[in-house]
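S.K.: First the structure, which I've put down as structure tokens, then a few questions once you've had a look.
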Amino acid sequence: MQCRSLLALLFAHVLVGLHAQRAASNPFDIEARLPKQSVGAAQSAPSLALSEIAANPFNVVPHRRANAEARTEPPTALQPVQKIATRSAFGPSLTEGQIFWLLVGLLAFLAFAVASKRDIVVKSWRAFLNDNALNIALREASGLIGSTPYYLLYASFLLNAGMFVFLIARHFNPDTFNRIGFLLLCLLGAPLLFVGKHALVYLVGILFPLQAEMRRYSFLIMLFNCVLGLFLMPFNFLLTSQRPYSGFLVFWLLALAGIFYLYRYLRASTIAAKFLPQHLFHFLLYLCSVEFAPVLILVKLVFGAS
């Protein structure tokens, strides 16, 4: 009798345990691996899910911040970072009026250079066309009085050449190169470039027995640039105006300047004709390092920034 009552008590205890197992969730269940129906039921009955989570100490609950319930809007994507407007390295930009008045000043300096000797333009043009006039102009350019008009005309070319480079670069990339700093760099860079070239030619004449030939070649460079400066002045005025044909004008002027310098190289080859067979390598080295390299670097600078 006592054994029967003990078995009945044990059976009742097992029934109570089974009922509690059905009411509460399994403590060894992993929430992420439960069937979708169970997850959907948990979402539909949040109070039941919370009670199951509280009853099961082994449930993995995602972490929430303290103020997560206060958020009513879903998290949005990151806003694009606004670009910070930085000031150009070349300083403030230039207006069309400022460029126009600067060209007027260059025109006044050209008029002063021409007025220093009335026939300087005629002599330069004749020397540009034939070698005999070049030899005559070279003899007349000896001394300070004879060479001063050529130097003034040459200085006008250097200023107009710097202005020409500025306007060409400004045409391809106005946002970057239409700056007063870049204009000053062009106006100072052109004289430094050609002064360096004349210094190199003079150094070659000292190191080698070529003083007469190098003096004639240096004067040829100066004379051709003086003639080119006469053409650059009206071209610079044309480049300041933004016209529909500005792109064609830019490439036409670049091609004209290339033809001009090609003619100068042909005239200079007559001076170096007797030295080319023995020093062809040195002549090509001079062309690549002194004549072509500065032009290629300038082209790379302009088109690389655009």
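S.K.: Could you name every one of the helices (runs of 4 or more DSSP H) located completely within the range 96-214 that has at least 1 residues being under 30 Å from Tyr245 (Cα atoms), at pLDDT 90 or above and aliphatic (A, V, I, L, M)?
M.R.: Passing ranges, in order: 96-115, 143-172, 180-207.
S.K.: Out of the range 253-283, which residues are hydrophobic (A, V, I, L, M, F, W, C), under 24 Å from Leu223 (Cβ atoms) and part of a helix (DSSP H, G or I)?
M.R.: Matches in the range 253-283: Leu253, Leu254, Ala255, Leu256, Ala257, Ile259, Phe260, Leu262, Leu266, Ala268, Ile271, Phe283.
S.K.: Hey, any hits in the range 164-180 for a residue that's closer than 20 Å to Leu262 by Cα and of a type in the set (Asp, Glu)?
M.R.: No; the residues of the range 164-180 include none that is closer than 20 Å to Leu262 by Cα and of a type in the set (Asp, Glu).
The values are calculated or read from the model by the stated rules, or taken from the named source; none is laboratory data. All figures in this text were calculated on a predicted structure; none of them were measured in a lab. We place every Cβ from the backbone using ideal geometry, glycine too, and count neighbours over all the protein chains shown.
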